[in-house]
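Colleague: Would you mind keeping the following structure in view while I ask a few things?
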Amino acid sequence: MGGADWTAVLRELFRVLVFPGFAFLLLLALAGEWLDRKAYARYQHRMGPPWFQPAADLIKLLAKEDLVPRLASRAVFTFLPVLALAAVACAYVYLPVAGGRAVYAFPGDLLVVAYLLTLPAILFFLAGWFSGSPYGAVGGVRAATQLLGYEVPLLLAVLAPAVVAGSWSISEVSRTLAGRPELLPLQVIGLVVALLALQGKLERVPFDIPEAETEVVAGTFTEYSGGRLALFRLAIGAELVVGLTLISNLYLGGHAAWGPVPGLVVYLFKLAVLVLILAAVRAAAARLRIEQMVTFCWRVLVPAALLQLFVVVALRGWWLL
Amino acid sequence: MSRIQVPIGPQHPALKEPENFTLTLEGEVVVDALARIGYNHRGIEKACEQRTYSRCVYLLERICGICSHSHTTCFVQAVEEIMGLEVPPRALYIRTIVAELERIHSHLLWLGVAGHEVGFDTFFMYTWRDRELVMDLLELISGNRVNYAINNIGGVRRDLGPEAAEGILRALPVLEERTRYYQHVATNDSTFLARLQGVGVIPYQQAVDLCAVGPLARASGVDADVRRDEPYAAYGEIPFNVITHTGGDNLARAVVRVGELYESIGMLRYCVEHLPDGPIAVRPRRRVGPGEAISRYEAPRGEDIHYVRANGSDRPDRVKVRAPTLANLPTIMQALRGVHLADVPITLASIDPCFSCTDRLVRLAPAGGGDGKVWTWAQLRDYGIRWYGGKPDGWR
């Protein structure tokens with residue numbers, strides 16, 4: 001092998017592991033968690049944490065005693081948080097971050113990302129079920145039940161931009177829509193549906209049913225502590241970033257540079273705005289019951305997503321697209 | 001469907017104090033609920049028998065961290081009745097002012113807790129912030145935020161100065177405006193309504209049959225309020241309405257409490273504007289009785305009852321406390337039947353439970369299972385004499 005090949009390999013590794021890959025994602029996960037907590041606190045007339053709090057929490061958790069319940073399987077108990085973080089991190093390399101192209105892109109990566117983002121919920125279910133605690137088991141079952149609620153509207157919602165762009169590649173969709181910003185207002189319904197479904201995916205108020213503190217302690221995570229809990233929390237933070245990056249690519253026209261403003265800044269700005277919106281939803285609602293949540297998803301979100309799809313297909317069939 | 005039993009407590013995040021509820025579930029629905037109380041027993045009644053009357057007031061103040069004034073007022077009223085003391089009107093008004101401030105802070109606290117139980121933490125943060133206004137007023141009046149220590153047998157310990165009166169009148173409009181906002185949120189926010197409406201329903205007849213008291217009873221349409229039915233302190237002279245609601249569900253309980261906030265604000269305004277002049281206390285004798293009295297008091301959570309028996313010495317012969325939570329527990333055990341597991345925390349919280357107020361006895365079960373030993377009073381007394389008999393004098 002020649003020297004040039006090694007440079008390419010190193011560059012590839014850098015893109016996957018450092019920027020805009022894994023390390024960057026972890027940094028964003030911490031920053032996103034901070035912004036979310038700070039905004040949530042300010043909405044509630046509280047001060048909120050300082051900027052380094054999520055990192056401090058992470059370090060604190062890593063230093064804490066990490067217990068595995070006697071009834072739980074040690075291998076499964078350890079494996080699940082790692083897998084959750086890995087699934088989310090894998091999804092991130094298919095998402096365009098700064099500029100038009102992701103680290104990897106191929107026709108159909110939209111479906112892969114959707115699949116990878118479904119994994120954490122299933123892993124939460126397994127983690128709760130195998131932790132040997134009734135609270136964990138109830139939380140796990142609720143996480144799985146909730147999955148049946150938000151997954152379909154989310155998939156329907158991401159279908160619309162794909163139809164508009166005529167592609168199953170996120171990078172392609174993002175680039176197409178960035179080129180025709182006049183199409184973005186047509187997808188407002190889809191954006192709202194996707195944001196609400198993501199709120200459910202991330203198990204945040206009003207859909208924090210699997211973790212409802214006053215009912216099931218911490219649900220799935222009741223028995224988790226120390227490093228394993230830190231990994232789970234990091235995975236959830238990363239899921240927030242990945243989910244919002246996906247939404248911003250599909251509905252907000254991607255992250256190409258705006259004149260002198262570099263693409264990275266555009267990306268961070270859009271991400272921050274979306275985090276503020278999700279934090280506002282979290283602050284403004286009470287927790288629903290599980291059957292109310294599933295009913296809401298099927299009676300409101302699914303028809304809305306279908307309406308969005310209908311609008312897009314109809315317009316494409318006639319003249320606009 | 002198979003039935004499973006789920007224990008809630010004694011340690012559970014929904015309960016702020018230790019108490020045990022065993023729920024029988026069919027799927028997600030509660031079909032039976034059993035309470036086991038006694039985890040907070042502190043022997044306060046017995047301790048009263050070893051203290052002079054004025055020291056009892058300080059001990060009884062600590063029955064509850066929220067309605068501390070309720071318990072002391074209820075106790076001193078009983079003692080004053082036995083002694084035949086004529087308490088000066090200014091003292092009665094000051095007691096009423098502190099009582100209504102206490103009701104406001106208790107109800108605001110409850111609204112926040114209700115929000116928290118259904119995952120609406122923003123509501124919790126808002127109400128608890130505004131509750132600080134009341135806490136500041138109470139500190140201004142009594143020097144304390146929680147255990148105000150304003151009551152004394154024969155009157156109150158501190159006068160209400162013009163500064164405190166002005167402070168109250170200044171804070172009331174703010175509280176009124178915030179109360180209006182909370183009323184709007186509690187009756188209009190769709191997620192909050194979805195969790196409260198139609199949950200934990202107690203019909204009128206059931207509330208009457210099970211002797212529910214306070215906002216729980218009034219939310220089921222029972223028109224009962226000690227402040228009006230058997231006026232004490234200054235309540236006979238103050239105009240106010242008894243808030244009732246016919247809903248009987250958790251939402252009705254929230255609406256009744258918000259309505260009572262308005263009434264309390266109006267009563268405070270009246271009290272401060274019509275505060276009579278004169279002394280704030282009369283000096284009581286040290287020895288009381290013999291005699292006995294029952295005192296009733298409308299605490300924020302419902303009717304509080306104290307029974308005091310005096311034997312002519314400077315210590316009570318017997319003090320008995322019946323806190324409102326104890327009266328409401330049978331009702332709420334009924335309300336739990338048929339609700340979803342997810343609604344258990346808010347339904348339990350809907351009586352604003354205070355378990356440290358409630359627990360007056362504890363039954364010890366042997367760790368190995370089987371029946372606990374049940375002793376009569378005489379047997380227990382014999383045991384005590386035998387146990388202390390072998391000890392040197394300093395033990396007592």
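Colleague: Tell me, in nm to one decimal, what length is gained between residue A:284 and residue A:148 on full extension, where the rule is 0.36 nm per residue of separation less the Cα-Cα distance?
Modeller: 46.5 nm
Colleague: So if I place +1 on the C-beta of Lys and Arg and -1 on the C-beta of Asp and Glu, and nothing else carries charge, what would the dipole magnitude of chain A be about its Cα centre? I want it in debye, nearest 20.
Modeller: 380
Colleague: Still on this model: Once Rh for the stretch B:61-151 is found with the Kirkwood sum over Cα pairs, what is the Stokes-Einstein diffusion coefficient at 25 °C and 0.890 mPa s, in µm²/s?
Modeller: The estimated diffusion coefficient comes to 173 µm²/s.
Colleague: Limiting things to C-alpha atoms, what are the Rg and the maximum Cα-Cα separation (Dmax) for the stretch B:1-122, in angstroms?
Modeller: Using the Cα atoms of the stretch B:1-122, the pair Rg, Dmax is 20.0, 64 Å.
Colleague: Here's a follow-up. Go through the stretch B:190-206 residue by residue and turn each phi into a ³J(HN,Hα) via Karplus (6.51, -1.76, 1.60, θ = phi - 60°); whole Hz please, and just put x for glycine and proline.
Modeller: With coefficients 6.51, -1.76 and 1.60, one gets 5, 5, 5, 4, 4, 8, 9, 5, x, 9, x, 6, 10, x, 3, 5, 5 Hz.
Colleague: 7 Å from Cα along Cα→Cβ at both residue B:313 and residue A:225: what's the point-to-point distance in nm?
Modeller: Rounded to a tenth, the inter-label distance reads 5.0 nm.
Colleague: Once label points are set 7 Å from the Cα along Cα→Cβ at both residue B:379 and residue A:17, what is their separation, rounded to one decimal in nm?
Modeller: 7.5
Colleague: Something else now. Order these peptides, B:172-178, A:29-35, B:32-38, by their mean beta-carbon neighbour count within 10 angstrom, highest first.
Modeller: A:29-35, B:32-38, B:172-178
Colleague: Another question, then. May I ask you to derive the FRET efficiency for residue B:54 and residue B:204 from their Cβ-Cβ distance with R0 = 60 Å, giving the value to the nearest 0.05?
Modeller: The computed FRET efficiency comes out at 0.90.
Colleague: When only the heavy atoms of the protein chains count and the probe is 1.4 Å, how do A:168, B:110, B:377 rank by accessible area, highest first?
Modeller: My answer, sorted largest first, is B:377, A:168, B:110.
Colleague: Count the net charge of all other residues whose Cβ sits under 12 Å from the Cβ of residue B:76, scoring Lys and Arg as +1 and Asp and Glu as -1.
Modeller: Local net charge: -1.
Colleague: Please list, by residue number, everything in the stretch A:230-250 whose backbone N is under 19 Å from a paramagnetic label point 7 Å out along Cα→Cβ of residue A:66.
Modeller: Of the residues in the stretch A:230-250, A:230-238 have backbone N under 19 Å from the label point off residue A:66.
Colleague: Still on this structure, please answer the following. On alpha-carbon atoms, Rg over Rh for the protein assembly as shown using Kirkwood Rh?
Modeller: Checking Rg against Rh, the ratio lands at 1.07.
Colleague: Heavy atoms only, 1.4 Å probe, whole protein assembly: order A:204, B:381, B:42 by accessible area, highest first.
Modeller: Accessible-area ranking of A:204, B:381, B:42, largest first: B:381, B:42, A:204.
Colleague: With the dipole of the protein assembly as shown worked out from charges on the C-beta (+1 for Lys and Arg, -1 for Asp and Glu) around the Cα centre, which of A:159, B:377, B:68 lies farthest toward the positive end?
Modeller: So the residue we want is B:377.
Colleague: GNM, chain A, Cα, under 10 Å: largest mean-square fluctuation among A:287, A:233, A:142?
Modeller: Maximum among the listed residues: A:287.
Colleague: If you average the C-alpha positions of the stretch B:33-82 and of the stretch A:1-67 separately, how far apart do those two centres end up, in angstrom?
Modeller: 54
Colleague: Could you work out the per residue convex hull volume over the alpha carbons of chain B, in cubic angstrom?
Modeller: Hull volume normalised by residue count: 154 Å³.
Colleague: Over all distinct alpha-carbon pairs, what is the Kirkwood Rh of chain A in angstrom?
Modeller: Final number for the Kirkwood radius of chain A is 20.3 Å.
Colleague: Right, next: Which whole number gives the average, over all residues in B:106-118, of C-beta atoms from other chains lying within 10 Å of the residue C-beta?
Modeller: Mean shielding count: 2.
Colleague: FRET efficiency for residue B:176 and residue B:24, Cβ-Cβ distance as r, R0 = 51 Å, nearest 0.05?
Modeller: 0.70
Colleague: Let me ask another. Taking each residue in B:192-201, count the Cβ atoms of any other chain within 10 Å of its Cβ, then average. What number comes out?
Modeller: If you average over the peptide's residues, the count of other-chain Cβ atoms is 2.
The values are calculated or read from the model by the stated rules, or taken from the named source; none is laboratory data. What you see is a predicted model; the values in this text were computed from it and never measured. When we count neighbours, we look across all protein chains shown, and the Cβ atoms used for this are built from the backbone with ideal geometry, even at glycine. Heads up: the accessible areas ignore ligands, DNA and RNA and are worked out on the full protein's heavy atoms, side chains in. Shrake-Rupley method; radii C 1.70, N 1.55, O 1.52, S 1.80 Å.
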